[in-house]
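Right, one structure below, let's go through it.
The values are calculated or read from the model by the stated rules, or taken from the named source; none is laboratory data. Remember, it's a predicted structure, so these values are computed and weren't measured experimentally. Cβ placement follows ideal geometry from the backbone for every residue including glycine, while neighbour counts extend to all protein chains displayed.
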């Protein structure tokens, strides 16, 4: 059965690019059901022109999405998720939310995004400017020192660069006796006790604090990761595939699935139906195992 996905809008966000990429890959595709047994399904899609494949496998509370862009195993236990097709059927594709249902965890599909790091930096600087606590020249300095740095290309070096950055910082050394230094550099504030105050350390306790300037903080609140492109691609693929599966099933005449009985031998050979009862009994005594399988009318029509 040939199927054509609707074209995705020509937007530039990563999620939209993944959707457009998938739509182009599967512009011409076929569907085949390899297993159709209640909540146990194995459905395959093939797009020969782009050599792309997509596989959906379900069992109770589980969905495996596999193919040319990776394999992702979803598991979700709930009153409405025994059939995982029902969970995703008709809802908006949301890779960020869906990632939380992965067996390997959301972090398994997240990656550092420099543009998000830049957004966090710009937001912090803008907040300082708007609230009148930014030192003069802050925006230009941050643009040159941080936003233009190759150190933002990797998450580790990016956070190190940001955490160590100070602009226009002034520090003050304060003693428990009430005396304090002028607002100076951090190094000068540290040395104030030695060269200026000259206090007895046992009677005077010195602390240095920043009283002016700009620095970045609250890194734990910064969101600088995004879901991977391949995961977003497969989320769009799964949503589309379920809709195509439903459409294909609707065209199949409704009649009950057939149950076949047979024998399984140790060498992997399976003989289904047609054996007489006496032969079956002898085979079982010799080590064969009785098996059954469900054959869906649609599986036969699509194969």
Checklist line | Among the residues listed as 168, 140, 148, the single one being more than 25 Å from the chain's Cα centre (by Cα) and on the phi > 0 side of the Ramachandran plot | finding: 168
Note to self: I'm told residue 54 meets every condition in (1) modelled with pLDDT of 95 or more; (2) under 18 Å from the mean Cα position of the chain (by Cα); (3) closer than 18 Å to residue 237 by Cβ except one. Can you identify the failing condition by its number?
What the structure shows: (2)
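Here's the yes/no breakdown for (1) crowded, with 17+ Cβ neighbours inside 10 Å; (2) modelled with pLDDT under 85; (3) in a helix (DSSP H, G or I):
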site	(1), (2), (3)
123	no, no, yes
133	no, yes, no
139	no, no, yes
143	no, no, yes
158	yes, no, yes
161	yes, no, yes
167	yes, no, no
189	yes, yes, yes
193	yes, yes, yes
Check: Just wondering, is there one or more residues in segment 234-247 that are buried (at least 17 other Cβ atoms within 10 Å of the Cβ), at pLDDT 85 or above and assigned to a strand (DSSP E or B)?
Finding: no
Margin query: Being under 23 Å from the mean Cα position of the chain (by Cα), farther than 21 Å from residue 103 by Cβ and modelled with pLDDT under 95 is the requirement here; does residue 5 meet it?
Written below: no
